[in-house]
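Here is the structure we will look at, set down as C-alpha cells.
What follows is calculated from the coordinates using simple rules that are stated; it is not laboratory data. Computed from a predicted structure; not experimentally measured. Neighbour counts run over all protein chains shown; Cβ positions are idealised from the backbone, glycine included.
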Amino acid sequence: MRIGIPSETKTLEGRVALVPAAAGDLVRRGHEVFIQSGAGEKSGFSDEAYTQVGVQIAADAASLYAAGELIVKVKEPIAGDLEHLQKHHLLFCYLHLAAEPALTERLLEIGLTGVAFESVEENGTLPLLTPMSIIAGRIATQVGTTLLHRPNGGKGKLLGGLASAERGKVVVLGAGAAGGASASLAAQAGANVVVFDKRQDRMAEMMALGHNVTALYAYEQAVAEHVADADLVIGAVLIPSAKAPRVVTEDMVKTMEKGSVLVDISIDQGGCFETSKPTTWAEPTYDVHGVTHFAVTNMPGAVQQTSSQAISAAILPYVQRLAAGVSWREHEPLRVGINVEGGEIVHPALRADA
C-alpha cells in the first residue's frame, strides 16, 4: 500500500506520526511510504533520516496526498489538509469529531473512511490515546504550576509549600491516564491533591499515590466545594469518542479565588468546564472571572520529540494492519475505531451526539 505522512498544520504543532524507524519497518514489509518534505524536522528527524530507510520525499502537501492511499497523521485535518483529502483515502489520526461538527460534515462530504486514534479500543483500553493522555496530564500540572506564578497572572502560590507556608491545592477531575498523570506529578510536587472519579478501582489507585492525595466520588456538590478553594483545577474527564460532559459550571468558577488556574485536558472533546473554549500554543490562556484558563487542543505538541516517539510506537502495529488490505476490518479494535465512512457517521457515540 502507498502510505502518506503529511506535515502537521495545526498552530505550533511539531509532531510527526511515524518516526524514521517505524516508516522503515513499513518499507521493509513492501509498502511504499511517502513523507512531506520537512514533516519530521521539528521533532528532530530530517528528510535524510527518512530517505536512508527507503521513504520517498513528497515536495508539498498536494503531491503527498496524491501519492498516498493510507494517510497517517497526528492531529485532525484542518483547512489546508481538507483541500487534498479525497474519497479514496483511508485517514488514520486523531479526529475528535464530537467537538468538531463542521469537520464532521466536511469529512462526510468527502466520503472518505476515517479511523480515529481515540476510538480504537482493545481489551477495554484506548491504546492510541493513552500515551498522549499521559503526556497531556503531566503538561497540565507543569503548565498549571507556572501559571500560578505572579508574573504569569497567578496568585503567587508554590504548589508544594514549605515549612511555615501552606501547600497548594490541586483538584483533578477524572482518574484515567491523563488525570492520573496530573495527580501523580502534583502529588510528587508536594501539593494537596483531590481526585474525583466514579470508579472504585481508579480511586484506589489515586489513594495509593501518597498521603497527600484524597480520592472522592464525583458528586456534583463535592466537586463544587473542592473547586471553590482550589489553586489549580485540572479537567481530565473522558467519555470515549463522545463530547465531554460539563463538570465545572460557570457558577463554580465564580467561587474560585482570583489568580487560580483551570487547565482543561478534555478540550479536544469539547471541554469539561462550562467556561472552556479552545486555544492554541500561540495564545494559550484567557481570563474568566479572574481565573486563568488554559485549553490548548494539542497539549502534547509542545514536547514534539517525546510525543512523536510515543505515538509512533503506539500506532505502528495498527498501521501495519491497515496497510495489509481489506482484512483490517476483521480486527475488532480498528473496526470500532471507524468514525465516518462513505458519507455516513459510523461510530455510535458520534451518532448519539449528532
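Just a few scattered comments:
- Most fluctuating residue given options Ile338, Ile134, Ile239, as computed from a GNM of the chain linking Cα atoms under 10 Å: Ile239
- Near Gly111, the amide H atoms lying under 5 Å from its own belong to Gly343; only residues 5 or more places off or on other chains count, and H is placed 1.01 Å from N.
- nm² value of the averaged projected area, convex hull over the Cα atoms of the stretch 1-89: 5.1
- DSSP bridge orientation in the chain - percent antiparallel, rounded to nearest 5: 20
- Considering only Asn152, Asn212, Asn192, the mean-square fluctuation computed in a Gaussian network model of the chain, springs between alpha carbons under 10 angstrom, is largest for Asn152.
- Shape category assigned to the stretch 306-354 from the gyration tensor of Cα positions, a/c cut at 1.5: oblate
- Of the residues Leu173, Gly153, Ala186, the one whose Cα sits farthest towards the positive end of the charge dipole of the stretch 145-199 is Gly153 (charges of +1 on Lys and Arg Cβ, -1 on Asp and Glu Cβ, taken about the Cα centre).
- For the chain, the dipole from Cβ point charges (+1 on Lys and Arg, -1 on Asp and Glu) about the Cα centre works out to 540 debye, to the nearest 20.
- Gain in span if fully extended, Thr130 to Thr255, counting 0.36 nm per residue against the direct Cα distance: 41.7 nm
- Phi angles across the stretch 70-76 convert, under the Karplus curve 6.51 cos²θ - 1.76 cosθ + 1.60 with θ = phi - 60°, into 3J(HN,Hα) values of 9, 9, 10, 9, 8, 8, 4 Hz, Gly and Pro given as x.
- Global form of the stretch 103-211, assessed from the alpha-carbon gyration tensor, a/c cut-off 1.5: oblate
- Remark on the stretch 236-354: Rg and Dmax equal 18.2, 56 Å (Cα only).
- Backbone amide hydrogens, once placed in the peptide plane, bring Leu158 within less than 5 Å of nothing, excluding anything fewer than 5 places away on its chain.
- With all pairs of separate Cα atoms included, the stretch 67-108 yields a Kirkwood hydrodynamic radius of 10.7 Å.
- For His96, distant residues with modelled amide H under 5 Å away: Glu118
- For the chain, the Kirkwood hydrodynamic radius comes to 20.9 Å, computed from all pairs of different C-alpha atoms.
- If you take the alpha carbon atoms of the stretch 249-302 and fit the smallest convex hull around them, that volume is 64 Å³ per residue.
- Length available on full extension from Gln52 to Lys87: 0.36 nm per residue minus the Cα-Cα distance, which gives 9.4 nm.
- For the stretch 26-182, the direction-averaged projected area of the alpha-carbon convex hull comes to 13.8 nm².
- The stretch 116-189: GluC sites (Glu not before Pro) in DSSP loop, at most 12 other beta carbons within 10 Å: Glu166
- Prolate/oblate/rounded label for the stretch 130-297 (Cα gyration tensor, a/c 1.5): rounded
- Computed from the Cβ-Cβ distance with R0 of 22 Å, the FRET efficiency linking Arg199 to Glu122 stands at 0.70.
- Spatially, the stretch 41-78 and the stretch 172-197 are offset by 37 Å when compared through their Cα centroids.
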